[in-house]
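To start, the structure under review is shown below, and the notes come after it.
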Amino acid sequence: MEKIIDGKKLSLKLKEHIKNRSEDLYKLTGKRPKLTVIMVGNNQASKVYVSNKEKSCNEVGIHSNVLHYDNIDTDKLIEIIKELNEDKDVNGILVQLPLSSNIDEKKVIEAIDPIKDVDGFHPYNTGKLWINGDPYFYPCTPYGIYKLLIENNVEISGKNAVIIGRSNIVGKPIASILLKNDATVTICHSKTSDLSSYTLKADILIAAVGKPYFVKKDMVKEGAVVIDVGINRIIEDGKNKIVGDVDYNDVFDKVSKITPVPGGVGPMTIAVLLENTLKAFMIQNNIK
Ligand code: NAD
């Protein structure tokens, strides 16, 4: 049984499928799906994420463009989103977060037409996710995690799933997806007292904390499946490194399966974004 859950491998398989599907759709319609990414400011990590998204779109036959603003206010940004909502050539709209502090993020996300909300952050899609599990689009990182669990034969039904982190983009939506799949779900966060008493009961432990090496061996149940969502940029031994929220080497012998960082959840996030953009194209062109 493979212990390392390989997100890179699965993401390549998904991308191949999306590429083939996108070619079929091109033959059928003469059109290609298009994703528009909006970026505000000069956050270095965001720049890397946005350029990776563009590159990945290219690889699978999805058109993409980036609208980059150094300086813009909430009203102007909403105006631009409304124009994109009306633009029939644009299938997916993604606002790269975080936005600069002068912008009302909530209002901006709510301005996106839910049918083009390929990040799955619009309240229509998040509400549908919680109520009956059928949003137009599942949020990319949580759905990528779900696919990793399924493809690696991790049983979810009846299991204790503990999530560290309650953000709208990771913690809450993955809780909803696991709950829908009949796990018993606990969400822990910065105000949780005695965190280990929860994590030690987890058959599936998901760390979305944003703190390097936060999860140690003494917090993990023997045989647990550990999913590390963290992307933390640190300097270690004089080198720039990206590490997860889990101390991988420390917990490795105790767990039954684990995602590495990099090469675990990260590549799946982009693969799901591409899948969502393809789905947006199909919905908007009435293709089943
Ligand atoms: P966030 O900062 O919005 O949320 C962090 C959560 O951790 C909060 O809910 C907070 O309550 C909780 N937390 C903080 N300290 C804690 C503590 N001591 N004990 C228990 N809980 C604690 O972060 P986020 O946006 O959810 O992202 C989490 C991590 O995942 C980050 O490292 C981020 O870079 C990464 N991330 C990765 C991907 C990917 O594609 N792999 C996508 C999104 C986020």
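The values are calculated or read from the model by the stated rules, or taken from the named source; none is laboratory data. Just so we're clear, the structure is a prediction, and the values are computed from it rather than from any experiment. Virtual Cβ from ideal backbone geometry, glycine too; neighbours counted across all protein chains shown. These area figures cover heavy atoms from the full protein model, side chains too; ligands, DNA and RNA do not enter into them. Shrake-Rupley method; radii C 1.70, N 1.55, O 1.52, S 1.80 Å.
Within the range 200-247, the residues that satisfy the criterion of being among the acidic types (Asp, Glu) and within 17 Å of ASN152 (Cβ to Cβ) are ASP203, ASP228.
The set of residues in the range 102-140 being free of Cβ contacts under 8 Å to residues at least 24 places away in the same chain and not in a loop (DSSP other than H, G, I, E, B) consists of GLU105, LYS106, ILE109, GLU110, PRO114, PRO123, TYR124, ASN125, GLY127, LYS128, ILE131. When the residues of the range 192-215 are filtered to those that are within 9 Å of the ligand (Cβ to nearest atom) and in contact (Cβ under 8 Å) with a residue 40 or more places away in the chain, the one that is farthest from the chain's Cα centre (by Cα) is PHE214. Note on the range 179-191: residues that are more than 15 Å from the ligand (Cβ to nearest atom) and either free of Cβ contacts under 8 Å to residues at least 12 places away in the same chain or surrounded by 19 or more Cβ atoms within 10 Å (Cβ to Cβ) (or both) total 2. The combined condition, being over 25 Å from GLN284 (Cα atoms) and loosely packed, with under 15 Cβ neighbours inside 10 Å, is fulfilled by ASP70. For the range 179-188, the criterion of being within 18 Å of the chain's Cα centre (by Cα) and either part of a helix (DSSP H, G or I) or among the acidic types (Asp, Glu) (or both) is satisfied by at least one residue. Among all residues of the range 150-166, there is at least one that is closer than 21 Å to PHE121 by Cβ, within 16 Å of the ligand (Cβ to nearest atom) and open to solvent by 50 Å² or more (accessible area, probe 1.4 Å). If I ask for residues that are within 15 Å of the ligand (Cβ to nearest atom), farther than 28 Å from GLN284 by Cβ and assigned to a helix (DSSP H, G or I), which ones from the range 167-178 would you list? Of everything in the range 167-178, those that are within 15 Å of the ligand (Cβ to nearest atom), farther than 28 Å from GLN284 by Cβ and assigned to a helix (DSSP H, G or I) turn out to be GLY171, ALA175.
Is it the case that some residue within the range 216-231 is near the ligand (Cβ under 10 Å from one of its atoms) and free of Cβ contacts under 8 Å to residues at least 24 places away in the same chain? No, the range 216-231 contains no residue that is near the ligand (Cβ under 10 Å from one of its atoms) and free of Cβ contacts under 8 Å to residues at least 24 places away in the same chain.
Residue-level analysis places SER64 outside the set of residues that are modelled with pLDDT under 95 and touching a strand residue (DSSP E or B) at 6+ places or on another chain (Cβ under 6 Å).
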